[in-house]
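Okay, structure first, notes after.
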Amino acid sequence: MRLRHFILSVVCWVAWAAAAPALAGPCYRDAFLVLGAAGDRGQGASGGSSAAPKELLLTQQQVLDLPLNSIVTATDWTPESRFEGPFLKDVVALVATNGTRLDVRALNDYAASIPWEDMVQFNPILAYKQNGQQMSRDRFGPLFIVYPRDSHPALRSPLFSARMVWQVCRIDVR
């Protein structure tokens with residue numbers, strides 16, 4: 001078991017080190033969650049991008065007000081638990097309805113890239129509760145991207161573990 005955790009840690013670190021410079025923008029002290037979008041990817045009349053990037057700073061209450069969903073699953077770091085929060089797709093829909101990926105940043109500067117297809121295929125949530133308790137910074141909170149690992153054996157790979165970011169503070173749609 002220790003070897004598995006060591007290998008997972010190395011894989012996650014390598015993925016982070018390779019991708020971190022190009023991933024999500026900064027977190028802000030005065031925002032519970034920052035959502036960013038590259039703007040309209042379509043071509044304007046002049047052939048260039050027709051919209052500037054946008055950024056939305058959400059309070060904790062705004063996140064709590066989104067529709068609540070739950071996933072019962074284990075993770076590499078937790079026993080089977082009931083995680084609750086909005087669907088990730090509902091959160092990012094506040095700034096963008098399409099994209100190719102989500103770049104996610106954590107409070108500890110860990111960063112990961114999540115393909116847009118994951119939201120359609122697996123419907124992960126942005127959890128803020130575990131077993132009915134609000135998650136704190138020292139226990140994967142305040143926000144933790146959780147996939148339904150126990151429902152999809154393919155999600156038990158290190159690739160998907162690296163996408164289960166905890167202490168989420170920023171999500172950028174690309």
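Read-outs throughout are calculated quantities, based only on the coordinates presented, and are distinct from any laboratory measurement. Note that the coordinates shown come from a computational prediction; the quantities given were computed from them, not determined experimentally. Reconstructed Cβ throughout: ideal geometry from the backbone, glycine too, with neighbour counts over all protein chains shown.
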Added length on full extension, which subtracts the Cα-Cα distance from 0.36 nm per residue, Ser136 to Arg156: 4.8 nm
Dipole moment magnitude, nearest 20 debye, the range 122-174 about Cα centre, only Lys, Arg, Asp, Glu C-beta charged: 60 debye
Cβ-defined net charge surrounding Ser70, 9 Å radius [Lys, Arg +1; Asp, Glu -1]: +1
